[in-house]
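Here is the structure we will look at.
The values are calculated or read from the model by the stated rules, or taken from the named source; none is laboratory data. For clarity, every value in this text was computed on a predicted model and none was experimentally measured. Here Cβ is always computed from backbone atoms with ideal geometry, including for glycine, and neighbour counts include all displayed protein chains.
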């Protein structure tokens with residue numbers, strides 16, 4: 001994969017791309033409304049190793065003073081969903097092209113949205129395992145390494161003007177502009 005941005009930190013290169021509320025996995029895309037992700041790759045000299053810890057990374061959104069700390073992959077799976085998943089017995093929802101519809105199934109203006117259907121436990125577990133496999137591996141690792149970092153953020157990605165990945169770890173310090 002080609003990464004949006006790269007930064008040299010000591011003898012290493014950190015490459016990253018902001019993926020928003022989307023979590024790319026080997027088996028397809030997953031999403032979470034409470035978390036955003038950064039796809040990360042760390043490169044080094046031949047036969048090099050580096051201690052990788054998610055807590056060495058934080059994310060600054062829209063130039064906020066305090067960056068968001070990286071969160072454990074398990075926390076990011078609280079409301080993980082496959083955007084292609086359709087609950088059993090429910091027809092696919094067609095996106096409206098605007099205008100007024102008087103069709104059935106429309107809710108009253110101001111009425112709360114219907115509760116979101118819950119996926120079966122087995123399906124939720126499979127999504128959680130996909131996120132676990134996509135997360136950056138922690139500990140002393142041979143390079144190159146790649147994976148996802150997760151950050152708690154409920155806002156809409158459309159409102160994000162700039163994003164910076166902040167690294168403070170054994171390789172040194174870097175601020176990597178992602179957007």
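Structure notes:
- Near pairs, Cβ below 8 angstrom, 6+ apart or cross-chain, from region 110-133 (on the phi < 0 side of the Ramachandran plot and in contact (Cβ under 8 Å) with a residue 60 or more places away in the chain) to any residue that is exposed (fewer than 14 other Cβ atoms within 10 Å of the Cβ) and part of a loop (DSSP other than H, G, I, E, B): 130/26; 130/27; 133/26
- Strands (runs of 3 or more DSSP E) contained in region 111-179 and holding at least 3 residues in contact with a helix residue (DSSP H, G or I) (Cβ under 9 Å, 6 or more places away or on another chain) and at pLDDT 95 or above: 145-152, 163-169
- Filtered residues of region 23-41 (kept if within 13 Å of the chain's Cα centre (by Cα), under 19 Å from residue 179 (Cβ atoms), in contact (Cβ under 8 Å) with a residue 60 or more places away in the chain and surrounded by fewer than 21 Cβ atoms within 10 Å (Cβ to Cβ)): 24
Results for (1) closer than 26 Å to residue 44 by Cβ; (2) within 21 Å of the chain's Cα centre (by Cα), shown as yes or no for each residue.
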| site | (1), (2) |
| --- | --- |
| 138 | yes, yes |
| 156 | no, yes |
| 172 | yes, no |
| 176 | yes, yes |
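- Single match in 44, 20, 10 (criterion: touching a residue at least 40 places away in the same chain (Cβ under 8 Å), within 16 Å of residue 136 (Cβ to Cβ) and touching a strand residue (DSSP E or B) at 6+ places or on another chain (Cβ under 9 Å)): 44
- Of everything listed in (1) surrounded by fewer than 19 Cβ atoms within 10 Å (Cβ to Cβ); (2) more than 12 Å from residue 53 (Cα to Cα), the single unmet condition for residue 165 is (1).
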